[in-house]
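Q: One structure follows; several queries about it will come next.
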Amino acid sequence: MTTFTLPDLGEGLRDAEIVAWHVGVGDPVVADQPLLSVETDKAVVEIPSPQAGRIAQIHGAPGDIVKIGAPLVDFEEGAAADKGTVVGTIATERPPKPAAREEKPVPAETAAAAPRIKAAPAVRALARRLGVDLVGIAGSGPEGAILAEDVEGAAAAQGTAGPLEPLRGVRRAMASNMARAHAEVVPATVTEEADIHAWPLGSDVTLRLVRAIVAGCRAEPALNAWYLRGDSSRRLHDKVDLGIAMDTEDGLFVPVLRDVGSREPADLRTGLERMKADVRARSVPPEELRGQTITLSNFGMFGGRHAALVVLPPQVAILGAGRIAERAVAHDGQVAVRRVLPLSLTFDHRAVMGGEASRFLAAVVTDLQQPE
């Protein structure tokens, strides 16, 4: 047999999660036919067959995490192998039975200490998900077999809130990125509020924030930069490639709007809508998920006023926009009710000084407070 392994998926990815198999054992396949779908922290992709042949064995089940280079499919060879066209049934030889392994005697005291548990594989899997130890559970099935309801009852008795849910795909990548940011970045946060009462009705909040970030980067280029930890240097960027944080049930995506400072509002809005559609369909091109020079998080659309955000290296800054609300503020020497937009700027204090961050934020506020 020949074995096909999980190929290098690029982008520095080390593994992927099996989503679904499109073939089964004994199926004939042709070259480039989809074998299975896998999910990475970027997208769901199909893995095509590298050759024509007949599937002898598949490795892994949906939900399994497979590392790059691990076996996926075994193809039959010789007379039994399919060459891409199948007519009728092809006789195959039965594979030789594996040699019996020599069973080592189990000491009596070990056997006595490990009572035999009668439970079906599905019940054992349920127990693992619920964090229940099968030892000590009195089974209610035939001959004392442990049933699913026995496991669920034990879980309820020990106060287990629900099944253990391993992080997969985007959430797993997000957890890794957040841990990396926590380990590397020295974060500091400054907050401010912009009086946007003069905005016309129907103003595009996201586009106003994009424009304001460009104004901030022009006033203080130190925020539109990368900090390169290896040689303790920074790289200032000429263009603003803005990451837009997008919340989904699968996890957080941060696609990139390129060169936002030189694009017209209509072009930016078209780009935003396309990015949203790609994120919903999990079809964001990998090149659109890297290279951010600064990030925007419009978390206020869900709620919240201010936040200490997370800077993902090598970036040095992220601007957060809180929930717009009417508040009593001082205006022209009088107390007035005005629409206010809260802002939070978190920056990496290794590369950005407090004065630079404050000047950036002041320029953002000045731009936002313009009527149009």
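The values are calculated or read from the model by the stated rules, or taken from the named source; none is laboratory data. Quick caveat, the model's predicted, so the values are computed rather than measured. Every residue, glycine among them, receives a Cβ derived from its backbone with ideal geometry; neighbour counts consider all protein chains shown. When the accessible area is computed, the model is the full protein with side chains, heavy atoms only, and any ligands, DNA or RNA have been set aside. Shrake-Rupley method; radii C 1.70, N 1.55, O 1.52, S 1.80 Å.
Q: Considering the range 315-328 alone, what residues qualify as being surrounded by fewer than 18 Cβ atoms within 10 Å (Cβ to Cβ) and assigned to a loop (DSSP other than H, G, I, E, B)?
A: ARG323, ILE324
Q: Where in the range 241-299 are there strands (runs of 3 or more DSSP E), lying wholly inside it, with at least 1 residues that are more than 15 Å from the chain's Cα centre (by Cα), buried (at least 18 other Cβ atoms within 10 Å of the Cβ) and hydrophobic (A, V, I, L, M, F, W, C)?
A: Because the criterion is at least 1 residues that are more than 15 Å from the chain's Cα centre (by Cα), buried (at least 18 other Cβ atoms within 10 Å of the Cβ) and hydrophobic (A, V, I, L, M, F, W, C), the strands (runs of 3 or more DSSP E) in the range 241-299 that meet it are 242-244, 294-297.
Q: Quick one: which of THR270, THR293 is in contact (Cβ under 8 Å) with a residue 40 or more places away in the chain and more than 21 Å from TRP199 (Cβ to Cβ)? Walk me through it before giving the result.
A: Details: THR270 fails: in contact (Cβ under 8 Å) with a residue 40 or more places away in the chain.
None of the others qualify; the one that does is THR293.
Q: Out of the residues in the range 329-372 that are among the basic types (Lys, Arg) and in a strand (DSSP E or B), state the one that is most open to solvent (accessible area, probe 1.4 Å).
A: Of the residues in the range 329-372, the ones among the basic types (Lys, Arg) are 338-339, 350, 359.
Still in the running and in a strand (DSSP E or B): 338-339.
Details: ARG338: 41, ARG339: 81 Å².
Ranking the qualifying residues of the range 329-372, first place goes to ARG339.
Q: Going by the conditions given, is GLY304 in a strand (DSSP E or B) and in contact with a Pro (Cβ under 9 Å, 6 or more places away or on another chain)?
A: So GLY304 does not fit the description; no.
Conditions tested, residue by residue: (1) in a helix (DSSP H, G or I); (2) of a type outside the set (A, V, I, L, M); (3) modelled with pLDDT of 85 or more.
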{"residue": "ALA99", "(1), (2), (3)": "no, no, no"}
{"residue": "LYS104", "(1), (2), (3)": "no, yes, no"}
{"residue": "ALA112", "(1), (2), (3)": "yes, no, no"}
{"residue": "ILE117", "(1), (2), (3)": "no, no, no"}
{"residue": "ALA122", "(1), (2), (3)": "yes, no, no"}
{"residue": "GLU152", "(1), (2), (3)": "yes, yes, no"}
{"residue": "ALA161", "(1), (2), (3)": "no, no, no"}
{"residue": "ARG172", "(1), (2), (3)": "yes, yes, no"}
{"residue": "ALA181", "(1), (2), (3)": "yes, no, yes"}
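Q: Report whether or not VAL23 is open to solvent by 50 Å² or more (accessible area, probe 1.4 Å), aliphatic (A, V, I, L, M) and in contact with a strand residue (DSSP E or B) (Cβ under 8 Å, 6 or more places away or on another chain). So that I can check it myself, show each step before the final result.
A: Numbers: open to solvent by 50 Å² or more (accessible area, probe 1.4 Å): no; aliphatic (A, V, I, L, M): yes; in contact with a strand residue (DSSP E or B) (Cβ under 8 Å, 6 or more places away or on another chain): yes.
Against the criterion (open to solvent by 50 Å² or more (accessible area, probe 1.4 Å), aliphatic (A, V, I, L, M) and in contact with a strand residue (DSSP E or B) (Cβ under 8 Å, 6 or more places away or on another chain)), VAL23 does not qualify.
Q: Within the range 218-240, which residues are in contact with a helix residue (DSSP H, G or I) (Cβ under 8 Å, 6 or more places away or on another chain), open to solvent by 10 Å² or more (accessible area, probe 1.4 Å) and in a helix (DSSP H, G or I)?
A: Scanning the range 218-240 gives ARG218, ALA219, ARG229.
Q: Sort through HIS197, HIS182 and tell me the only one that's exposed (fewer than 11 other Cβ atoms within 10 Å of the Cβ) and either in contact (Cβ under 8 Å) with a residue 24 or more places away in the chain or out of contact with any Pro (no Cβ under 8 Å at 6 or more places or on another chain) (or both).
A: Every option except HIS182 fails the conditions.
Q: Let me ask something else about it. Could you tell me whether ILE55 is at pLDDT below 90 and in contact with an Asp or Glu (Cβ under 7 Å, 6 or more places away or on another chain)? Reasoning before the result, please.
A: Values: at pLDDT below 90: no; in contact with an Asp or Glu (Cβ under 7 Å, 6 or more places away or on another chain): yes.
Here the answer is no, as ILE55 does not meet what is asked.
Q: So which of VAL44, VAL38 is buried (at least 16 other Cβ atoms within 10 Å of the Cβ), among the β-branched types (Val, Ile, Thr) and in contact (Cβ under 8 Å) with a residue 60 or more places away in the chain?
A: When all the criteria are applied, what remains is VAL44.
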